[in-house]
Amino acid sequence: MEKYSEVIKESQMYLELIAKKELTREEKDWVVKAAVEAFSEHVNPGFLEYRKSVSTDYTSVEWSDQGSTFTDVYGKEYIDCLGGYGIYNVGHRHPKVMQAVYNQLDRQALHSQELLDPLRGFLAKLVAEITPGDLKYAFFVNSGTESVEGGLKFARMYTGRKSYIVTTRAFHGKSLGSLSATAKGVFRTPFLPLVPGFHHVPYGNAEAIEMMLESCAFIGEDVAAVLIEPIQGEGGVIIPPDDYLPRVREMCDRYGALLILDEVQTGMGRTGKMFCCQHSNVVPDILCLAKAFGGGVMPIGAVVAREKIWEKLVENPFLHTTTFGGNPVCCAAAIANINVLLEENLPRRAAESGEYMLGKLKGLAEKYPAVVQEVRGKGLMIGIEFQNNELGYEVATGLFGAGVLVAGTLINAKSIRIEPPLTITREQQDAVINRLDKVLENVNSSAGK
Ligand SMILES: *Cc1c(COP(=O)(O)O)cnc(C)c1O
């Protein structure tokens, strides 16, 4: 009892902190110290070690955000070129998304799980309207991992087949099912055996998929689905040849396998079209969405599918369920997100800003060839590949010091990603380029010694 009265006091103190508009200098110092201690004792001390390798100040504590920037607890501002790995397409805390969430919260937060919750229906309708081709039904989830998990299950459910073709360097999530599709050995090895029936082939190579489809058919293990990212994000912004998706689409049809596109990162305008598959006019059977789908405010994802895929799910809607997936607050955010993306023409802006930034970055790559190996991208999904891992860490660290946050790919900085909000201004883009130029100049001159 004594212990719990302390817990009540402690939690009350956190609540007061959350409610504060301004912190005093002492409170700021306390937040940093307490956060570092709590992470070290109760979250994971390894995370602090990792932070030391990628930042000039590993104790930086984020506190507020707006638009394309966020600030640490002391008010240092960062231009967000990491974009939460692709969450913040409409920017941080877009007013229209926030208002939708406030309005919904004022009336109802979660749903009964039994009656019809209207927003789930309305959002599904909007999703059918903005997704390509005849994609029709949506199942809402809480994360990208869950959207892939759903896609994998629906493919087995519809085809009755068991195996999948996936690609090397792919990232699809880390639950046992989605991890089976993910490609990186370090993340998979400790958890073997995973779901059986996953065959990894090199990414970007349509022949490799065809050979595997043929082999699987030959040995009597027909493929339920081919699952790919239209551009690999976590793999380091890997852009496949233009004819890759159309060819994979055609061979899936020929072998009776479904095509699942994981657009968790490439979707919602990121690459210059609402969905990346629209660059090549390919319609998947199942489309996986998450990350930016909730407007950078709420966690929500979707598995979107053609009508035929739902057959078994119509017979028994409880074959696959989730308690929180598609709850009213998250749906309100996702509806506002779609409205903002279209009204502010953000896919188009991503294409224009991406072209501008890519041009500038290619200029820097030519200026510092000893540091930068290649720059590539589509829309505002841009990757910078360095000559080696160490140079990548140095540049990411230098940018952090200069107030620009970028993303390494998980446990590797040979490629870093530039994925700012699609609303990033030209002025902010120029600031990023100028700061990167200075950082590259420093890294270049110390690398030459
Ligand atoms: C981030 C990501 C996922 C996993 O999403 P979570 O929300 O982290 O579970 C899956 N696929 C792709 C392509 C991703 O980028």
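Here are the numbers:
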| quantity | calculated |
| --- | --- |
| Odd one out for G46 among (1) modelled with pLDDT under 95; (2) in a loop (DSSP other than H, G, I, E, B); (3) out of contact with any Gly (no Cβ under 6 Å at 6 or more places or on another chain) | (2) |
| Test: residue in region 407-424 that is at pLDDT 95 or above, in a helix (DSSP H, G or I) and not β-branched (V, I, T) | no |
| Single match in G377, G354, G326 (criterion: in contact with a Leu (Cβ under 8 Å, 6 or more places away or on another chain) and assigned to a loop (DSSP other than H, G, I, E, B)) | G326 |
| Criterion (in the same structural domain as E263 (by TED's automatic domain parsing) and either more than 16 Å from the ligand (Cβ to nearest atom) or part of a loop (DSSP other than H, G, I, E, B) (or both)) met by exactly one of G150, G204 | G204 |
| Only listed residue being over 17 Å from V201 (Cβ atoms) and either modelled with pLDDT of 95 or more or not in a helix (DSSP H, G or I) (or both), chosen from E234, E221 | E234 |
| G84, sole failed condition from (1) in a loop (DSSP other than H, G, I, E, B); (2) on the phi > 0 side of the Ramachandran plot | (1) |
| Residue identified as away from the ligand (no atom under 13 Å from the Cβ) and touching a residue at least 24 places away in the same chain (Cβ under 8 Å) among A302, A290, A332 | A332 |
| In region 158-174, the residues that are over 20 Å from G325 (Cα atoms) and outside any strand (DSSP E or B) | Y158, T159, G160, R161, K162, T168, R169, A170, F171 |
| Contacts under 6 angstrom Cβ, first residue in region 177-192 being in the same structural domain as G235 (by TED's automatic domain parsing), partner of a type in the set (V, I, T) and assigned to a helix (DSSP H, G or I), 6 or more apart | S178/T145; S178/V148 |
| Enumeration of residues in region 244-268 that are farther than 19 Å from H172 by Cα and under 14 Å from the mean Cα position of the chain (by Cα) | none |
| Looking only at region 353-388, and only at residues there that are touching a Gly at 6+ places or on another chain (Cβ under 9 Å) and of a type in the set (K, R), the one that is nearest to L422 (Cα to Cα) | K378 |
| Residues satisfying the stated conditions in region 310-330, i.e. in contact with an Asp or Glu (Cβ under 8 Å, 6 or more places away or on another chain) and crowded, with 16+ Cβ neighbours inside 10 Å | G325, G326, N327, P328 |
| Residue that is nearest to the ligand (Cβ to nearest atom) [pool: residues in region 207-243 that are surrounded by fewer than 21 Cβ atoms within 10 Å (Cβ to Cβ), charged (D, E, K, R) and closer than 19 Å to A257 by Cα] | D243 |
| Answer residue from region 111-147, given it is among the acidic types (D, E) and crowded, with 17+ Cβ neighbours inside 10 Å and is farthest from the ligand (Cβ to nearest atom) among those | D117 |
| Sole exception among (1) on the phi > 0 side of the Ramachandran plot; (2) within 15 Å of the ligand (Cβ to nearest atom) for G272, by number | (2) |
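The values are calculated or read from the model by the stated rules, or taken from the named source; none is laboratory data. These numbers were taken from a predicted model, which means no experiment stands behind them. Note: ideal-geometry Cβ built from the backbone for every residue, glycine included; neighbour counts use all protein chains shown.
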